[in-house]
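Asker: Shown below is the structure under consideration.
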Amino acid sequence: MNAKANDDLRKQIPFISLPNLLVITRGIAGMGELALAEILQKVKDFNNFNYDNDPWHHHDFGSFLHDGEKVYWKIDNYNGQDGYNLVLTILLAQEY
């Protein structure tokens, strides 16, 4: 995976479009519109990459706390399978 491509994808939030995809889980959506907007911004701005959370320097995973809830985001490269290239999923840690 390419860190630049993953960073570029996150910069497009919330306007990610096909062949890429943004997936929000029910847990995130259920937190309300304000929380969703704040979480999307945190994912977009995330830059806390280090050896512990990004040992291969792909910038394809991150986590943070939002109102006491652990939030994960991850990017998977589908390489065109099922019509998608990069899929960014944002979820609560408890949904993993």
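Every number here is computed from the coordinates shown, using simple stated rules; none is lab data. Being a predicted model, the structure only gives us computed values, none of them experimental. For neighbour counting, all protein chains shown are included, and Cβ atoms are generated from backbone atoms with ideal geometry for every residue, glycine included.
Asker: Using DSSP, restrict attention to beta bridges with both residues in the chain and report what percent are antiparallel, rounded to the nearest 5.
Answerer: Among the beta bridges of the chain, antiparallel pairing accounts for roughly 75 percent.
Asker: Rank Tyr84, Tyr51, Tyr72 by mean-square fluctuation in a GNM of the chain with C-alpha springs under 10 angstrom and give only the top-ranked residue.
Answerer: Tyr51
Asker: In deg cm²/dmol, rounded to 500, what helix-only [θ] at 222 nm does the chain give when every DSSP H run of at least 4 residues adds -39500 (n - 2.57) and the total is split over its residues?
Answerer: Estimated from H runs of four or more residues: -7500 deg cm²/dmol.
Asker: Determine the relative contact order of the chain: mean sequence separation of Cα pairs under 8 Å and six or more apart, normalised by residue count, in whole percent.
Answerer: 36 percent
Asker: Assigning unit charges at the beta carbon (Lys, Arg +1; Asp, Glu -1) and nothing else, what dipole magnitude in debye, to the nearest 20, does the chain show about its Cα centre?
Answerer: Its charge dipole is roughly 120 debye.
Asker: Find out how many positive minus negative residues lie around Ile75, taking Lys and Arg as positive, Asp and Glu as negative, among other residues whose Cβ is under 10 Å from that of Ile75.
Answerer: In short, -1.
Asker: If you don't mind, there's one more thing I want to ask. Label Asn77 and Asn48 with points 7 Å out from Cα along Cα→Cβ: what is the distance between them in nm?
Answerer: Taking the two extended label points, one gets 2.6 nm.
Asker: Select from Asp76, Asp52, Asp60 the residue whose mean-square fluctuation is largest in a Gaussian network model of the chain (Cα-Cα springs shorter than 10 Å).
Answerer: Asp52
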